[in-house]
Structure formats: structure tokens, C-alpha cells
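*Asks:* One structure is given below, represented as C-alpha cells, and several questions about it will come after.
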Amino acid sequence: MGDGDNYYIVRGAKMRCDKGTHVRKITLPESHGSYASEKPMMNKSDMVVDKNIGYFGICSECKEGEDIYLIDENGNQLPPGKKCLVKIVDDWSDVKEDTLVEGKAALTTDSWAVCSAYLGKIKFESSGQEKE
């Protein structure tokens, strides 16, 4: 990506919260019927926690709850911390309004959301269209 490239987000795109320790993939239980690279495209309302978005590991801002112990993406033990309690109340921002997926604006690699719990910014690290 880069150079102003703007790719559509599909099921399996990687995203990260700037307050969390782990990358997560966006999920889509049921396709909206639009595809890019033969994978289901996502729209601006695909921001439901535990349906589209899981937790981003340990949150650097959260001070409540039990400590959790996780291994980082390089296989190293992280210091204990509080589990990310992701809360998203608004649709994704910077969506592609002129491309509709089931009647709603499509997500692109420029799209982002804010976790209302600790104001973490969630952005995409991949489109999901890459070959595995």
C-alpha cells in the first residue's frame, strides 16, 4: 500500500488500535453480497464489537479489571496488563461514499474508528485482499 493507494477493506483485513498490543482481523459473519478479490467487502456499519471487531490485546490506558497475560506478536511474554475493552459507538470514518456495500459506504484502507472507552484510534494495516 502507500502512495495514496486506497484499497477496499474485505473480511480478514488487519487493524490495530494505537492503545492496544495486538493486531486483529475484521470479521463479517455474513457477506453483504459485494466482493473485491473474491472476498466480502465491508461497509461503514461493520463496527460491532464481538461481531466485526475483537479486542486488541492489552490496553495501555485501561486501569480496571483483572490483569491478563499475553504473548506479543514476536512470541515474547508481555508484562501483565488490563484487557482491551473496545467500545465503538460511531460508524467508521473516511469511508468511500460513492461505493455502496448493501446500501452503505464502503470501507477503505483510509477508514478509521475511535474506541470511545479510551480514545484509541483504530486503523487498518492491510486491506485483506492480499494473497495469504
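The values are calculated or read from the model by the stated rules, or taken from the named source; none is laboratory data. Just so it is clear, the model here is predicted, and its values are computed rather than measured. Positions of Cβ are generated from backbone atoms using ideal geometry, with glycine treated the same way; all protein chains shown enter the neighbour counts.
*Asks:* Which residues, counting only those in the stretch 41-71, are surrounded by fewer than 17 Cβ atoms within 10 Å (Cβ to Cβ) and small (Gly, Ala, Ser)?
*Replies:* The answer is 54, 60, 65.
*Asks:* So is residue 82 in a strand (DSSP E or B) and not aromatic (Phe, Trp, Tyr) or not? Step through it out loud before you land on a result.
*Replies:* Details: in a strand (DSSP E or B): yes; not aromatic (Phe, Trp, Tyr): yes.
Against the criterion (in a strand (DSSP E or B) and not aromatic (Phe, Trp, Tyr)), residue 82 qualifies.
*Asks:* Answer with yes or no whether residue 18 is modelled with pLDDT of 95 or more, of a type in the set (Asp, Glu) and under 17 Å from residue 104 (Cα atoms). Break it down into steps so the answer makes sense when it comes.
*Replies:* Numbers: modelled with pLDDT of 95 or more: yes; of a type in the set (Asp, Glu): yes; under 17 Å from residue 104 (Cα atoms): no.
No, not satisfied.
*Asks:* For the stretch 1-56, enumerate the residues that are outside any loop (DSSP other than H, G, I, E, B) and over 9 Å from the mean Cα position of the chain (by Cα).
*Replies:* Of the stretch 1-56, the ones outside any loop (DSSP other than H, G, I, E, B) are 8, 10, 14-17, 20, 24-25, 35-36, 39-41, 43, 49, 53.
Hits for the stretch 1-56 are 8, 10, 20, 35, 36, 39, 40, 41, 43, 49.
*Asks:* Can you pull out every residue in the stretch 101-114 that is part of a strand (DSSP E or B), of a type outside the set (S, T, N, Q) and closer than 21 Å to residue 12 by Cβ? Let's see the steps before the verdict.
*Replies:* Step one: filter the stretch 101-114 for residues part of a strand (DSSP E or B), giving 101, 104-106, 108, 112-114.
Now restrict to residues that are of a type outside the set (S, T, N, Q): 101, 104-106, 112-114.
101, 104, 105, 106, 112, 113 - these are the residues of the stretch 101-114 that are part of a strand (DSSP E or B), of a type outside the set (S, T, N, Q) and closer than 21 Å to residue 12 by Cβ.
*Asks:* Show the residue pairs meeting these rules: Cβ distance below 8 Å; 6+ apart or different chains; first residue within the stretch 1-14 and on the phi > 0 side of the Ramachandran plot; second residue exposed (fewer than 10 other Cβ atoms within 10 Å of the Cβ) and at pLDDT 60 or above.
*Replies:* Filtered contacts from the stretch 1-14: no entries.
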